[in-house]
Amino acid sequence: MSVLASINCGILFLIFVLINQWTVTRISNLEEQEKRTAEQQARTSRAELVKTQAKTDELSAELLRFVAPRSLPDDQLDALRACLHDGPRGPVVMAFLKTENDAEGYATQIGKVLTETGYDVTTSSTVWLQLPVKGIYLCARDVANAPVHAVHIQRCFQTAGIRLRAHEDRKMFSDMNVPEDSIIFIVGARE
């Protein structure tokens, strides 16, 4: 082989080595860049997953508020018993919205607390499929002249952290044939 051929082979070999080195370095740089991009995307995905999980938990809690049966937790029961025991008593007629699946159980629980604390509680036999107000509320024949035990019950529920509104409905009183000195405690649709 001639010297010129040897030089050409050497030059080709050197070019091959340089191209090979450049290719290896380029591939290594691209792999490192892809790794950093994938790590960044993983961090972003984890952060999005945490946000999504928090939103899912929030929505689940909100949904549970609408589907879980309503009931009074022990701390509210204790607060109600303590407050209701120290006040005027009178007749209470429990009524509930028949189309609300948990209303009867909730009304029963509330009626039991009222009975335990000395109120004369009866349950209405009227089947209510629609009510004028959502939530739980006390219905009086005349709100301005409501029986004193109505005001006390409302105050005790509010003290226990339970929203209990007042509502005036003369027609409901006449439809249910409720005695003059009674109040109607209604468990209606969820708010």
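The values are calculated or read from the model by the stated rules, or taken from the named source; none is laboratory data. Worth saying up front: this structure is predicted, and the values here are computed from it rather than measured. Counting neighbours? That spans all protein chains shown, and the Cβs are built from the backbone with ideal geometry, glycine included.
Descriptive notes on the structure:
- Across region 110-146, the number of residues qualifying as assigned to a helix (DSSP H, G or I), loosely packed, with under 15 Cβ neighbours inside 10 Å and within 31 Å of the chain's Cα centre (by Cα) comes to 3.
- Among the criteria (1) assigned to a helix (DSSP H, G or I); (2) in contact (Cβ under 8 Å) with a residue 40 or more places away in the chain; (3) over 23 Å from the mean Cα position of the chain (by Cα), the one Val92 does not fulfil is (1).
- Residue match in region 180-188 (condition: more than 18 Å from Ala107 (Cα to Cα) and either surrounded by 19 or more Cβ atoms within 10 Å (Cβ to Cβ) or assigned by TED's automatic domain parsing to the domain that holds Met94 (or both)): yes
- So Gly105, is it without any contact (Cβ under 8 Å) to a residue 60 or more places away in the chain and surrounded by 14 or more Cβ atoms within 10 Å (Cβ to Cβ): yes
- Residues that are modelled with pLDDT of 90 or more and either within 20 Å of Leu129 (Cα to Cα) or among the aliphatic types (A, V, I, L, M) (or both), drawn from region 166-191: Ala166, Ile183, Ile184, Phe185, Ile186, Val187, Gly188, Ala189
- Residue within region 73-84 that is in a loop (DSSP other than H, G, I, E, B), loosely packed, with under 13 Cβ neighbours inside 10 Å and modelled with pLDDT of 90 or more present: yes
- Residue within region 29-42 that is under 34 Å from the mean Cα position of the chain (by Cα) and either of a type in the set (Gly, Ala, Ser) or surrounded by 12 or more Cβ atoms within 10 Å (Cβ to Cβ) (or both) present: yes
- Any hit, region 167-188, residues being closer than 25 Å to Val67 by Cα and either polar (S, T, N, Q) or without any contact (Cβ under 8 Å) to a residue 60 or more places away in the chain (or both): no
- The conditions of being assigned to a helix (DSSP H, G or I) and either of a type outside the set (Ser, Thr, Tyr) or under 32 Å from the mean Cα position of the chain (by Cα) (or both) are met by Ala47.
- With respect to the conditions (1) over 16 Å from Arg165 (Cα atoms); (2) modelled with pLDDT under 90, Val143 lacks only one, and its number is (1).
- Residue check, Tyr106 among the hydroxyl-bearing types (Ser, Thr, Tyr), under 25 Å from the mean Cα position of the chain (by Cα) and within 16 Å of Ile183 (Cβ to Cβ): no
- All conditions in (1) in contact with a helix residue (DSSP H, G or I) (Cβ under 7 Å, 6 or more places away or on another chain); (2) part of a helix (DSSP H, G or I); (3) not aliphatic (A, V, I, L, M) hold for Asn20, with the sole exception of (1).
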